[in-house]
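Have a look at the structure below before the remarks.
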Amino acid sequence: MPKTSQVQFKLTKEFLDEIREAIHSGSESQIELLLKDVHPADIADVLDQMTLEEAKFIYKTLEDDRASDTLMELEDEVRNRFIKSLSNKEIAEQIEQMDSDDAADLIGELSEEDQEEVIQQIEDKEIVEEVIDLLNYDEDSAGGLMQKEYFKAKADAKVSDTVVELRKQAEEIKSVYSIYVVDEDDKLVGVLPLKQLIFTSPNSLVSDKMISQNIKYAKVSTPNVEVADMMEKYDLVALPVVDIAGKLVGRITIDDVVDIIKEEADRDYQLASGISENVEPTSSILKQTRSRLPWLIIGMLGGILGAQVISQYEGEIALNPALAYFIPLITAMGGNVGVQSSAIVVQGLANHTIKIGGIFPKVAKETAVGLINGIICSVLVFGISYLISEDHQLGLTVSLALLTVILIAGIMGTVTPLMLNKFKIDPALATGPFITTVNDVLGLFIYFVIGLLIY
């Protein structure tokens, strides 16, 4: 058997130059040839590098299904700008090539006036009904995430009849994972894996071969984050969705869930970095400024508060100037320990490895870790101070302060995200400037109080 290989596409300057040259010469056939075997996600990367006019030229050379797939692969802000350059008729034509969930997402990004005009331009009325139905659900729920394309079979049907029916349904469905089994009222009663269908006798009933115990499903009102957690926990590639009456109304596929997981990870990372809004590299200067400024102001106020703490012990510093040398060490260690502790707790909350229960066992464990780390670091600092300085009181002050700061910062880093989570506030906030600023101020206070007691 001959071996086949597929070269991984790599976006290069040379490739972009070839594309631009074809655009400027008006050669649609050359662009079609260059993009013939390129995945829609890679085509989206190409469009990101082009001007709006160049991107439109490329886009119009794509076949309908590839064009619609490419459109949904674009970054949100890039796609919004691109959509604005298309007529409502062109948008409607692309929507007819999409899965219902992507179509609803795209229409949901339009203004109400444009939504009405685009919907009126869609010729397939079944698609219109599906999209309108999906738009009625909260976008952050399973109903807003699901698609209307799925395989469905009756429980009392023969396997042979089901296969015939599935062939008819397959024309509108891109991927097949499982067949969802319903009763006469369209209520979900089981799941029939595709492999099971293939190896089952044609005369068997679907109900005899379906899985009816421990069926995993989501309700239309289930938050999309819970959907993602469920699919990740049970290694599901698709999940049926039912309405309040238990009727099957859609399914959620793994590609949509991956997007949710990525969005949540990006959001947590941005929160931990002190960015309060979801921004992309392509976001406007105004949006990026607005997303960063609040935490910068909080950090600035924390710095002012820290300066006030230092000013209260100005006399102590004047008598022992060497105390000022170790201020950066105290603040840096307190901030680092707090971020480490909170990051572990936030990660545990996100992947549910932190089990339900009181906070005391977690605090006790972090106290033990902080105590061990604090003792090791304090001994090292005292030893170094003993070797380089004749002021052993300074070494004792710094080492005791460091031990206390590490211990308290670890506890603060543990308790803060747990408390935020308890009050339904995103615990990722605890790993950002908030915990760092608090520990900086607290660490300075502890440092000077211990210095005052020793000297």
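No value in this document is a laboratory result; all are computed from the given coordinates. Predicted model, so just to flag it, every value in this text is computed and none were measured. When we count neighbours, we look across all protein chains shown, and the Cβ atoms used for this are built from the backbone with ideal geometry, even at glycine.
For the stretch 285-454, the gyration tensor built on C-alpha atoms gives an oblate shape. Its axis ratio a/c (a ≥ b ≥ c) is at least 1.5, and a/b is not larger than b/c.
Charges were assigned to the Cβ only: +1 to each Lys and Arg, -1 to each Asp and Glu. The resulting dipole of the stretch 13-141 about its Cα centre is roughly 780 debye. Extension gain, residue 186-residue 360: 0.36 nm per intervening residue step, less the Cα-Cα distance, totals 57.8 nm.
For the pair residue 27 and residue 367, label points projected 7 Å from Cα toward Cβ lie 7.5 nm apart. Which aspartates and glutamates have a Cα less than 14 Å from the Cα of residue 209, not counting those fewer than 8 places away in the same chain? Reachable aspartates and glutamates: 156.
Here r is the Cβ-Cβ distance between residue 286 and residue 85 and R0 is 22 Å; the resulting FRET efficiency, rounded to 0.05, is 0.55. The modelled label-to-label distance between residue 139 and residue 168, using points 7 Å beyond Cα along the C-beta direction, is 3.6 nm. A simple charge model with +1 on the Cβ of Lys and Arg, -1 on the Cβ of Asp and Glu and nothing else charged puts the dipole of the chain at about 2500 debye relative to its Cα centre.
Find the relative contact order for the stretch 335-455 and round it to a whole percent, using C-alpha pairs within less than 8 Å whose residues are 6+ positions apart. Before the final figure, lay out each step's value.
Numbers: 136 pairs, mean separation 49.2, N = 121.
Once normalised by length, the contact order is 41 percent.
Pairs exceeding a 26 Å alpha-carbon distance, out of 89/247; 219/262; 13/174; 56/168; 148/287: 89/247; 13/174; 56/168; 148/287. The gain in end-to-end length when the residue 332 to residue 156 segment is fully stretched comes to 56.6 nm, 0.36 nm per residue minus the alpha carbon separation.
Using the per-residue mean of other Cβ atoms lying within 10 Å as a proxy for protection, in what order, highest first, do the peptides 399-412, 326-339, 45-58 fall? Don't skip to the answer; put the middle values down first.
Numbers: 399-412: 24.5, 326-339: 20.8, 45-58: 17.0.
Top to bottom by mean Cβ count within 10 Å: 399-412, 326-339, 45-58.
Arranged from fewest to most other beta-carbon atoms within 10 Å of their beta carbon, 371, 444 become 371, 444.
As a calculated quantity, the FRET efficiency between residue 214 and residue 36 at R0 = 45 Å, using C-beta atoms, amounts to about 0.50. For residue 244 and residue 317, the FRET efficiency from 1/(1 + (r/R0)^6), where r spans their Cβ atoms and R0 equals 56 Å, is about 0.25. Between 0 and 90 degrees, the angle of helix 13-24 with respect to the longest Cα principal axis of the chain falls at about 50 degrees. When P(r) over Cα pairs in 20 Å bins from 0, in percent is computed from the coordinates, the matching label among [x] 19, 34, 34, 13, 0; [y] 22, 51, 26, 1; [z] 19, 38, 29, 13, 1 is [z].
Grab the Cα-Cα distance for residue 347 and residue 300, subtract it from 0.36 nm times how many residues apart they are, and report the gain in nm with one decimal.
Extending this stretch completely gives an extra 14.2 nm.
Remark: relative contact order (the chain) = 11 percent; criterion is Cα-Cα distance under 8 angstrom and separation of 6 or more residues.
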